[in-house]
Amino acid sequence: MGWSWRLGRIAGIDVYVHATFALLLIYVGFVSYQPHHEWRDVLSGLVFILCLFAIIVLHELGHALTARRYGIKTRDITLLPIGGVARLERMPSDPKQELLVALAGPAVNVVLAAILFGVLVALGRTVGSEEDLVAELSTFGGGLLVKLLVANVFLAVFNLLPAFPMDGGRVLRALLAMRMDYVRATRTAAGVGQVMAILFGLVGFLVPGYFMLVIIAFFVWVGAAAEAGAVQFKAGLAGVPVERAMIHQFAALAPDDTLGAAARRATDGFQHDFPVVAGGAEVGLLPRAELLAGLTEAGPDGRVDEFMRTDFATADPREMVEFVVDRLKAADCPVMPVVRDGKLVGLLTPENIAEMVMVREAVRGRQVPTLPTPVQQPG
């Protein structure tokens, strides 16, 4: 995700924070300073919000590590002002697995809430009464530990609301998919999510102090529509082999070709991403972005092999597109070589896949979904 900084790596997963997170810290600091104009209040507010987002990272790790059990990798976790997003390569196709992945995040919050409650009860026996603890919890007051306990309970309950694509929406989709086909289950869960988005928006507009719900409503509405479109798109690929969707006629470059020659081929035709072949075998890819970067850095006399990509995934023409499309998105490359018995026989691009789906759906007389974005697992 653009405008993000890497904080570190946890359990093999990169954790990023979006630049807009700084706006949240400024807002929290400002609101904390206003009542008493004390810098201690600012520090207290910032410590709480940082602890809260540490909890959100643990929530997202719950999703990611559970998905890993089923062979699904997580690209990264990004912290945003509205929460966290774990970018899974895909969601499990088995509804039972998706149910467990969706429940894993709120389960982390339940465990953390139980731990904090135990700590507070233990402290209450020495520095106060349990009645005081219950009063603090009921009024959302108290110290940092009480606030974090309330925050964990809130995150667990709020995320389990059936507002697809939140955790509760995915739980609903998984339960529905056990009784009906996956596309219909997704449409139903997305419809419930959009109804929840309308309710969030109304509360946000009508109730003072809850405007954040309007922002959440927007993301829920868009996310539900995008997820429904993505599932319908993938359903349109069912049973189609790669060789029916790939580009059969394409130009290739040699490693010692100049960037100027590659640029002329790009401007003379419709191809912008080129495989690089040596001795009959593919050795690299020169996508348009690398071509332009090379022209800027080395000029038209630069060599292709100095700027080509050597990290790329491949597909077999006999594979089904519905399974390859996830690998294409995960490769973060605009083109995937199709190789049979070590020989390059075609190229697969998102545009060609979308064209094929549009033709198939037009023949069926159905509405055509757009190419989906990478799977994200919101907190």
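Out of curiosity, is VAL207 buried (at least 19 other Cβ atoms within 10 Å of the Cβ) and at pLDDT below 90? Please lay out each step first, then the result.
Values: buried (at least 19 other Cβ atoms within 10 Å of the Cβ): no; at pLDDT below 90: yes.
Spelling it out, it is not the case that VAL207 is buried (at least 19 other Cβ atoms within 10 Å of the Cβ) and at pLDDT below 90.
State the number of residues belonging to the stretch 294-321 that are surrounded by fewer than 16 Cβ atoms within 10 Å (Cβ to Cβ) and assigned to a helix (DSSP H, G or I).
Going through the stretch 294-321 one residue at a time, the tally reaches 4.
Within the stretch 11-42, can you find the residues that are surrounded by 13 or more Cβ atoms within 10 Å (Cβ to Cβ) and either more than 30 Å from LEU88 (Cβ to Cβ) or not assigned by TED's automatic domain parsing to the domain that holds LEU65 (or both)?
Once the filter is applied, which keeps residues that are surrounded by 13 or more Cβ atoms within 10 Å (Cβ to Cβ) and either more than 30 Å from LEU88 (Cβ to Cβ) or not assigned by TED's automatic domain parsing to the domain that holds LEU65 (or both), the stretch 11-42 yields GLY29, SER32, TYR33, ASP41, VAL42.
Can we say GLU136 is part of a helix (DSSP H, G or I), of a type in the set (Asp, Glu), at pLDDT below 90 and out of contact with any Gly (no Cβ under 7 Å at 6 or more places or on another chain)?
Spelling it out, it is not the case that GLU136 is part of a helix (DSSP H, G or I), of a type in the set (Asp, Glu), at pLDDT below 90 and out of contact with any Gly (no Cβ under 7 Å at 6 or more places or on another chain).
Can you give me the number of residues within the stretch 64-113 that are part of a helix (DSSP H, G or I) and either surrounded by fewer than 19 Cβ atoms within 10 Å (Cβ to Cβ) or of a type outside the set (Asp, Glu) (or both)?
24
Any idea how many residues of the stretch 279-293 are surrounded by fewer than 17 Cβ atoms within 10 Å (Cβ to Cβ), small (Gly, Ala, Ser) and at pLDDT 90 or above?
Number of matching residues: 2.
Condition first: touching a strand residue (DSSP E or B) at 6+ places or on another chain (Cβ under 8 Å) and assigned to a helix (DSSP H, G or I). Now tell me which residues in the stretch 267-290 satisfy that.
Listed by number, the list holds a single entry, GLU290.
Is it true that some residue in the stretch 324-333 is closer than 28 Å to ARG90 by Cβ and in contact with a Ser or Thr (Cβ under 6 Å, 6 or more places away or on another chain)?
no
With the requirement that a residue be more than 20 Å from VAL15 (Cβ to Cβ), part of a helix (DSSP H, G or I) and of a type in the set (D, E, K, R), what does the stretch 32-63 give you?
Within the stretch 32-63, ARG40, ASP41 qualify.
The values are calculated or read from the model by the stated rules, or taken from the named source; none is laboratory data. Just so it is clear, the model here is predicted, and its values are computed rather than measured. Every residue, glycine among them, receives a Cβ derived from its backbone with ideal geometry; neighbour counts consider all protein chains shown.
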